[in-house]
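Colleague: What follows is a single structure, and I will ask about it in a moment.
The values are calculated or read from the model by the stated rules, or taken from the named source; none is laboratory data. These numbers were taken from a predicted model, which means no experiment stands behind them. Cβ coordinates were reconstructed from backbone atoms using ideal geometry, including for glycine residues, and neighbour counts include every protein chain displayed.
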Amino acid sequence: MNTTRLARRLGLDGNPLRRRIDNIAVGLTALLIAVFLIGAPVLSMAAARWAGHAAATEQRAARSRRQVTAILLQPASPPAVANGVFGSSLVPARWTAPDGQERAGRIPVSTALAAGHTVRLWVDAAGSLAGPPPSYDAPVAGEALAAAAATVALGMVLWWLGRAGRWGLDRRRLAAWEAAWAAVGPQWSKPTR
């Protein structure tokens, strides 16, 4: 595309036939593009920072998690298969919390095991069941995902605003055309008999 065509498309060619509403449409488009180019990096950094703080809080909480040995109190039945995916069954078990107190509860077991069998599980400082600590890659992936999602969300909102603005301008343009035709049309048309 040469510079003349680009200038014409952007409304910068000084065309005397260009209406005021056409210049408003070009200005609206330029404004939305500028908001995206300025807002996307700022919003992405804010979203990544928020995700980083959330991940840091999760990692601080995960530092208190310990892996302990639990003894199954009943045999674990084979897990059910749903949609080709193996599940887990909840089995009563007993374990010692990091503070030395005995705990009991139902724990998920993914294989058929006999009563008295030992399994490893993650618990928090109080001895309650907890998942394994997050990997060190998870915070970085979460920050990148948050930044990308924020950029996409901003783009979608601005695109919607642009479409709504275009719709409003098109309605005004059509109303102006109708008013102009109502004024000029009777002068051009001959009465039919």
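Colleague: Please give the number of the condition Arg94 fails out of (1) modelled with pLDDT under 90; (2) over 30 Å from Ile33 (Cα atoms).
Modeller: Every condition holds for Arg94 apart from (1).
Colleague: Another one. Scanning the range 92-109 for residues that are of a type in the set (A, V, I, L, M) and in a strand (DSSP E or B), which turns out surrounded by the fewest Cβ atoms within 10 Å (Cβ to Cβ)?
Modeller: Ala104
Colleague: Sort out which residues of the range 175-191 are surrounded by fewer than 10 Cβ atoms within 10 Å (Cβ to Cβ) and under 52 Å from the mean Cα position of the chain (by Cα), and write them in order of number.
Modeller: Answer for the range 175-191, where residues must be surrounded by fewer than 10 Cβ atoms within 10 Å (Cβ to Cβ) and under 52 Å from the mean Cα position of the chain (by Cα): Ala182, Ala183.
Colleague: Continuing with the same structure: Can you pull out every residue in the range 23-52 that is over 20 Å from the mean Cα position of the chain (by Cα), surrounded by 11 or more Cβ atoms within 10 Å (Cβ to Cβ) and free of Cβ contacts under 8 Å to residues at least 24 places away in the same chain?
Modeller: The answer is Asn23, Val26, Gly27, Ala30, Leu31, Ile33.
Colleague: Let me confirm something: among Ala34, Ala55, Ala51, which residue is modelled with pLDDT of 85 or more, part of a helix (DSSP H, G or I) and closer than 15 Å to Val157 by Cα?
Modeller: Ala34
Colleague: Whether any residue in the range 124-138 is in contact with an Asp or Glu (Cβ under 8 Å, 6 or more places away or on another chain) and assigned to a strand (DSSP E or B) is what I want to check.
Modeller: Scanning the range 124-138 turns up no residue that is in contact with an Asp or Glu (Cβ under 8 Å, 6 or more places away or on another chain) and assigned to a strand (DSSP E or B).
Colleague: Given Ala141, Ala130, which one is among the hydrophobic types (A, V, I, L, M, F, W, C), crowded, with 16+ Cβ neighbours inside 10 Å, within 30 Å of Ala48 (Cβ to Cβ) and not assigned by TED's automatic domain parsing to the domain that holds Gly52?
Modeller: None of the other options fit; the residue is Ala130.
Colleague: Do we find a residue being within 30 Å of His53 (Cβ to Cβ) and touching a Pro at 6+ places or on another chain (Cβ under 6 Å) anywhere in the range 110-124?
Modeller: Yes: one or more hits.
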